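Q: Here it is: the structure, laid out below.
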Amino acid sequence: MNDDTRAPHFLLVHGAWHGSWCWRELQDLLTQRGWTSHTVDLPSVVPEGAEGRLPGLLDDARVVREAIDALEAPLVVVGHSYGGAPVTQAAVGAANVAHLVYVSAFALDEGESLMTCFGEQPDLSTVEGVIPVRENPETTLYNDVPDDKRDAALARLLPQSALSFAEPVNRAAWKALPSSYVLCDDDQSLPPSYQEPFAQRTGTTYHLPSGHTPLLSMPDKLADLLDEIAQSVR
């Protein structure tokens, strides 16, 4: 059990189309290991039918930074998939952030967005609307998630604002903060060859034999890794 009152807390930041609900099982496992965790809901995940100019990456980063500033404990900030982008922006200059963890996530550099990483150069002044849920999410997102959990997650996915994928970061927290990358070796959404350049920007790379969403497919193994990381930053 973790009795150190200055032990770090976890701040868990979800990816595109998801919400804080996706961390529930992992949070329970972290609690069993003696850790305190917190989540946010990113405003770029929008209701069905949302139109027009919607919240972007910088809006998400503002919500993440507000959560960081509201928590007085040292923090291990964990970003999954898209969630790595607002974490990268938000954690710069935050004195209480002890470590960043990218889980199959976008560790972007200044001027990069998700779209530029895939060769697109959007005109930000014209970006509106949503990006619908990833095609074949049962395979791309959840190829190794048990059927019952997969179906429950699929039912909760929502559209993602296009601006969140188009808007670049203008600061990169991994340049100044200790960071780690959890590379998912069976990822069907962001294959290892796409993850590796992001992992190389961080200090340490860990591997899981998982698909894109280990927080649902192997939360126990992810909890073990996060426990190990948090123990090392105390």
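Q: List pairs: first residue in the stretch 162-186 and free of Cβ contacts under 8 Å to residues at least 60 places away in the same chain and of a type outside the set (A, V, I, L, M), second residue in a helix (DSSP H, G or I) and open to solvent by 30 Å² or more (accessible area, probe 1.4 Å) anywhere in the structure, Cβ distance under 8 angstrom, at least six positions apart or on different chains.
A: Short answer, once both residue conditions are applied: Asp185/Pro192.
Q: Considering (1) closer than 15 Å to Asp187 by Cβ; (2) under 12 Å from the mean Cα position of the chain (by Cα), say which one Arg134 fails and leave the rest.
A: The single condition Arg134 does not satisfy is (2).
Q: Also, I was wondering about something else. Scan the stretch 120-142 residue by residue and report those that are open to solvent by 70 Å² or more (accessible area, probe 1.4 Å) and assigned to a loop (DSSP other than H, G, I, E, B).
A: Glu120, Gln121, Asp123, Glu128, Pro132, Arg134, Glu135, Asn136
Q: State which residue pairs qualify: first residue more than 14 Å from Val77 (Cα to Cα) and open to solvent by less than 20 Å² (accessible area, probe 1.4 Å) and inside the stretch 213-234, second residue of a type in the set (D, E, K, R) and in a helix (DSSP H, G or I) in any location, beta carbons under 6 Å apart, and separation of 6 or more residues or different chains.
A: Pairs found: Leu216/Lys149; Pro219/Glu25.
Q: Looking at (1) over 13 Å from Leu11 (Cα atoms); (2) open to solvent by 10 Å² or more (accessible area, probe 1.4 Å); (3) in contact with a strand residue (DSSP E or B) (Cβ under 9 Å, 6 or more places away or on another chain); (4) assigned to a loop (DSSP other than H, G, I, E, B), can you tell me which one Ala73 breaks?
A: Here Ala73 meets the rest and fails (1).
Q: Determine whether Ser193 is of a type in the set (Gly, Ala, Ser) and out of contact with any strand residue (DSSP E or B) (no Cβ under 8 Å at 6 or more places or on another chain).
A: yes
The values are calculated or read from the model by the stated rules, or taken from the named source; none is laboratory data. All values reported here derive from a predicted model rather than from experimental measurement. Here Cβ is always computed from backbone atoms with ideal geometry, including for glycine, and neighbour counts include all displayed protein chains. When the accessible area is computed, the model is the full protein with side chains, heavy atoms only, and any ligands, DNA or RNA have been set aside. Shrake-Rupley method; radii C 1.70, N 1.55, O 1.52, S 1.80 Å.
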